[in-house]
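Peer 1: One structure coming up, written as structure tokens, with questions to follow.
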Amino acid sequence: VLSLLNNSVVRLSSETEVELAELKSRDGEDQLALNLSKGEVWVKRSERDVVRAIFKVVTPNLEIESAGTIFDVANTSRQAVRVLNGKVRVKVLVADSNSARQRQVESVEVALGQEVNMGSEELLDLQNNRPVELLTLLSDEFRNGDWYSWNKGEDASATASVSVADAVEKQKLEPAPP
């Protein structure tokens, strides 16, 4: 669990691999960008309105940006974004056959109680310019899962966590692996 200075929280499921790509605080606005290689993150913006918080989470095929909400991003056998409060903007990216870069094929706003959940089949359809129904209601599988239940409980109780500053300091003190 990472706790930011503005009281926002980012929780990582077990076996999650994430890179902190950006962390800025300037002119009353906090920005956090994470690259999610695998696993799942739960992001909960602080309820304090003093600081505007912008969160960005990137998976291999999704770019999610939120300006204050509660949302979940998964990069497991499928890539998913689920919104529990507020809304997020999701850009869907696929390989561009004409270059080594990716191209954006969709941009969708995901609101409270909705999700985008896609696997390799949907990505292939998008890459081949075939229509895909991206936006659905939160699945029962997610809402009945342990990860959802645990995070809802944590949000209600606001338990202890590790601040980003503490995590960075600890990393500086630990010797580099051989």
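Peer 1: Which of the residues belonging to the stretch 58-84 are open to solvent by 10 Å² or more (accessible area, probe 1.4 Å), in a strand (DSSP E or B) and either farther than 16 Å from V10 by Cα or free of Cβ contacts under 8 Å to residues at least 12 places away in the same chain (or both)?
Peer 2: E63, Q79
Peer 1: Considering the stretch 85-129 alone, what residues qualify as being more than 30 Å from E47 (Cα to Cα) and open to solvent by 80 Å² or more (accessible area, probe 1.4 Å)?
Peer 2: Hits for the stretch 85-129 are S97, N98, A100, R101, Q102, Q104, S120, E121, L124, N129.
Peer 1: Among the residues of the stretch 6-15, is there at least one that is farther than 23 Å from A156 by Cα and either touching a residue at least 12 places away in the same chain (Cβ under 8 Å) or part of a strand (DSSP E or B) (or both)? Give the derivation first.
Peer 2: Kept after step one, since they are farther than 23 Å from A156 by Cα, are these residues of the stretch 6-15: 15.
From what's left, either touching a residue at least 12 places away in the same chain (Cβ under 8 Å) or part of a strand (DSSP E or B) (or both): 15.
Taking every residue of the stretch 6-15 in turn, at least one turns out to be farther than 23 Å from A156 by Cα and either touching a residue at least 12 places away in the same chain (Cβ under 8 Å) or part of a strand (DSSP E or B) (or both).
The values are calculated or read from the model by the stated rules, or taken from the named source; none is laboratory data. If you're wondering where the values come from, they're calculated on a predicted model, not measured in any experiment. We place every Cβ from the backbone using ideal geometry, glycine too, and count neighbours over all the protein chains shown. For accessibility, only protein heavy atoms count, side chains too; no ligands or nucleic acids. Shrake-Rupley method; radii C 1.70, N 1.55, O 1.52, S 1.80 Å.
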